[in-house]
Amino acid sequence: MAIKGRVLSVASECVPLLKTGGLADVVGALPAALAAEGWDMRVLMPAYRPLLPLLDGGAVLWQSDDLFGGPGRVVATSKGGMPVLLLDAPHLYDREGGPYSGPEGDWADNPQRFAALSWAGAMIMRDGLADDWHPDILHAHDWQAGFAPAYMAYEGMEQPSVLTIHNIAFQGYASPALLAALRLPAHQFHADALEYYGGISSLKAGLVTARKITTVSPTYAEELMRPAFGMGLEGVIHARAADVSGVLNGVDTEIWSPETAATPYSLRSFKGKAAARAALCDEFGLEVPGPLALIISRLTDQKGIDLIPAAIPDFIAGGGGLLVLGSGDPALEGAMQALAEAYPGRVAVRIGYDEALSQRMFAGGDAVLVPSRFEPCGLTQMYGLRYGTLPVVSAVGGLADTVITANPAALAVGAATGITFAPTDTVALGQALARLLTLYADQKTWAKMMRTAMRQPVGWETSAATYAALYDSLR
Ligand code: ADP
């Protein structure tokens, strides 16, 4: 396919090199998915200490003697078949600890560390790379790359930029004393530009300067313009409403597939799923006559885990069971363990992070509960769809956009794929679980919903086509 254009994707993490959250999955999945759409995308990310061995033998495609306090260079390399541009600047990234924090909390020089990443991105937009690769569009992700569209604007560069918000909770705050050190023009320090509650916000800088803004679901894009979800930036985003859109994430449908489960199954036969359920119940000592519901989640208030204890007794009384895999808030871990003690044989809990177990659970469970208070996109419900493990979700963000609730109209036309509820509270969750019991009791309808769910297009193709259309519109 002829190349339509080149995109420089600037981000702080990328699968399979380094991941702390869903951002890394998106950044890592897009280049291959966009190649199929005719867009040539390269990812620029910092060379953190664990990535330094990848620099050996890589081509140096850009350099600077003074990248915020020391030399920096961009080296083209790859890992696990994924090509990547690593920004090597030892004074900023070669240190023991995580990408954002060390033993004493957030790195004090995070503003400079990610300003450097953003600056390198903007300079590559201006000058291109030494192998004659000249990007047409810059795509910045989250606060870590927020200054990149801003530098482009302040340096008078004309190329378009896109900023994607994966999580509005992190806004990249810096002291106003750093204005000059961060190479930001003093005259931009005002309420309509860089200034945010007396300081500097790199996310806000990106939001006011990027040509287009996206977030990871259409519903979250609307929610972000309201105080309940915008976390202080709702006004800024609302002012850009004409340029804001939501693009759902996808999932890797080869890794997450019932056809590669230990007891495989597909649309043609659910026998393997029944076997997976039996094995899972054996493993956890469960005997559940009704639907086996799963929770696979960080155990936090965001995820609505605190609503479970009050909503679950009626569900158990109605024949349901619950299997929980997660870790997080110690009080919520304790509350889940207390449920397992209260309902032996019906509720089981594993505290920890275990991807292999999560796959066995998706294969063997009947439903997956996601009662989040907010959810920019959410992956769990998409894995649930893929495995015919029907999602029971609060109607927020990406959950509202990916699950079609089993109301009579949706059931009549065979469109239903799960259950959504609102508001995110115990009463509505309890009603959703009651509905789950009723639907599950009608196995014919249930099997139809499973098939519809498994047919949903949750891969990256749809997302990539939407991003490609956005890039097309900017050319
Ligand atoms: P968030 O990024 O807010 O935690 P997402 O739903 O976008 O929520 O992504 C979370 C991912 O992590 C999902 O794929 C989920 O299955 C997985 N996950 C969460 N907790 C665990 C766990 N304890 N063990 C295995 N996988 C988990």
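Rounded to the nearest 20 debye, the dipole magnitude of the chain is 1200 debye, with +1 charges on Lys and Arg beta carbons, -1 on Asp and Glu beta carbons, and the Cα centre as origin.
Placing unit charges on C-beta atoms (Lys and Arg positive, Asp and Glu negative, everything else neutral), compute the dipole magnitude of region 126-271 about its Cα centre in debye, rounded to 20.
380
Quick one: helix 355-364 against the long Cα principal axis of the chain, what's the angle to the nearest 10°, folded into 0 to 90? Approximately 40 degrees, to the nearest ten.
If we count GluC sites (Glu not before Pro) as exposed when they sit in a DSSP loop and have at most 14 other beta carbons within 10 Å, what is the longest stretch of the chain that avoids them all?
Working: sites that count: Glu96, Glu104, Glu155, Glu158, Glu254, Glu287.
After excluding every exposed loop site, the longest remaining stretch is 288-475.
Compared with the dominant principal axis of the Cα atoms in the chain, helix 330-342 is inclined by about 10°.
Give the Debye-formula value of log10 I(q)/I(0) at each listed q (0.06, 0.07, 0.12 Å⁻¹), with one equal scatterer per alpha carbon of the chain, two decimals each. Evaluating at q = 0.06, 0.07, 0.12 Å⁻¹ gives log10 I(q)/I(0) of -0.29, -0.39, -1.06. Between the Cα long axis of helix 426-441 and the first principal axis of the chain there is an angle of about 60°, rounded to the nearest 10.
Please go through the residue pairs Lys303/Lys448; Lys4/Lys79; Lys271/Lys448; Lys19/Lys303; Lys19/Lys204 and name each one whose alpha carbons sit more than 18 Å apart in this structure. List each step's numbers first, then the result.
Working: Lys303/Lys448 28 Å; Lys4/Lys79 26 Å; Lys271/Lys448 15 Å; Lys19/Lys303 20 Å; Lys19/Lys204 24 Å.
Too far apart for the 18 Å limit: Lys303/Lys448; Lys4/Lys79; Lys19/Lys303; Lys19/Lys204.
Under Stokes-Einstein, with the Kirkwood radius over Cα pairs standing in for Rh, what whole-number D in µm²/s applies to region 258-454 at 10 °C and 1.306 mPa s?
Details: Rh = 16.3 Å.
The estimated diffusion coefficient comes to 97 µm²/s.
Direction-averaged shadow area of the convex hull around the Cα atoms of region 195-266, nm²?
Working: hull surface 29.4 nm².
Value for region 195-266: 7.3 nm².
Which values of log₁₀ I(q)/I(0), to two decimal places, follow from the Debye formula for region 218-368 at q = 0.15, 0.16 Å⁻¹ with a uniform point scatterer at every Cα? Taking Cα atoms of region 218-368 as identical point scatterers yields -0.88, -0.94.
3J(HN,Hα) along region 60-75: 7, 10, 6, 8, 8, 6, 9, 9, 6, x, x, x, x, 8, 10, 10 Hz, from the Karplus curve 6.51 cos²θ - 1.76 cosθ + 1.60 with θ = phi - 60°, whole Hz, x for Gly and Pro. Entry note, the chain: the mean residue ellipticity at 222 nm calculated from DSSP H runs of n ≥ 4, each adding -39500 (n - 2.57), is -11000 deg cm²/dmol after division by the residues and rounding to the nearest 500.
Look at the dipole of the chain built from charges on Cβ: of Ala241, Gly97, Ser372, the Cα furthest out on the positive end belongs to Ser372. Classify region 348-475 as rounded, prolate or oblate, taking a ≥ b ≥ c as the square roots of the eigenvalues of its Cα gyration tensor: rounded when a/c is under 1.5, otherwise prolate if a/b is larger than b/c and oblate if not. Because a/c hits 1.5 or more and a/b exceeds b/c, region 348-475 counts as prolate.
Close amide-amide hydrogen proximity is noted between Val251 and Gly459, Trp460, each under 5 Å apart and 5 or more residues distant or on a separate chain (H modeled in the peptide plane; Pro and chain starts excluded).
Read the figures in this text as sums done on the coordinates, not as results from a lab. Quick caveat, the model's predicted, so the values are computed rather than measured. Every residue, glycine as well, gets a Cβ built from its backbone with ideal geometry; the counts of neighbours run over all protein chains shown.
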